[in-house]
Amino acid sequence: MTRVLTYGTFDLLHIGHLNLLERLRALGDELIVAVSTDEFNAEKGKRCVVSFEDRVRLVSALKCVTDVIPEMNWAQKPHDIKRLNADILGMGNDWHGKFDSMNLYCKVVYLPRTEGISTTFLRQEISRRETTPVLMADRAARA
């Protein structure tokens, strides 16, 4: 049995997240996802829109995900790999090379991200739409 482990924030869950998680699951029999806690994200300078509890519920509900654990700090990866008997640590290729040291414990793979979508893009698009004036004709068309 091959066990895959990945880490992420998964704020504003989107199709890119789903694509990555499905591709990671295809590498093994189980996919364990470590979701970053709100406290850990604050340490990284990130502020989530969706609470940790809700992000865990959303990720847990995906049929490609076997289990979800909290990610509380950078140093936990080797401990998680050993504790969970992970065979593969899989990450998006935006992290390429950052976790190569984990090859001491398991195979590390970096998979391509989905083009044209990211949480950063969604935040920017929502912000842009909130600040773009809506014409009266557009409002009438929506009614």
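The values are calculated or read from the model by the stated rules, or taken from the named source; none is laboratory data. Model, not experiment: these values are computed from the prediction. Note that each Cβ is placed from the backbone with ideal geometry, even for glycine, and that neighbours are counted across all protein chains shown.
Worth a mention:
- All conditions but one from (1) in contact (Cβ under 8 Å) with a residue 60 or more places away in the chain; (2) assigned to a loop (DSSP other than H, G, I, E, B); (3) under 17 Å from the mean Cα position of the chain (by Cα) apply to residue 115; the one that does not is (1).
- Contacts under 9 angstrom Cβ, first residue in segment 52-72 being within 16 Å of residue 11 (Cβ to Cβ), partner part of a strand (DSSP E or B) and among the charged types (D, E, K, R), 6 or more apart: 60/67
- Any chance residue 40 is of a type in the set (Phe, Trp, Tyr), in a helix (DSSP H, G or I) and at pLDDT 95 or above: yes
- A single member of 20, 12, 27 is farther than 23 Å from residue 106 by Cα, in contact (Cβ under 8 Å) with a residue 60 or more places away in the chain and not acidic (Asp, Glu), and it is 12.
- Restricting 28, 45 to those that are over 23 Å from residue 103 (Cβ atoms) and of a type outside the set (Val, Ile, Thr) reduces the list to 45.
- Looking across 85, 103, 93, 73, one residue alone is of a type in the set (S, T, N, Q), modelled with pLDDT under 95 and either surrounded by 14 or more Cβ atoms within 10 Å (Cβ to Cβ) or more than 19 Å from residue 123 (Cβ to Cβ) (or both). It is 93.
- Count - residues of segment 14-36 that are under 13 Å from the mean Cα position of the chain (by Cα), more than 15 Å from residue 85 (Cα to Cα) and either of a type in the set (Gly, Ala, Ser) or buried (at least 19 other Cβ atoms within 10 Å of the Cβ) (or both): 7
- Every residue from segment 62-72 that is under 14 Å from the mean Cα position of the chain (by Cα) and either of a type in the set (A, V, I, L, M) or in a loop (DSSP other than H, G, I, E, B) (or both): 62, 64, 65, 68, 69
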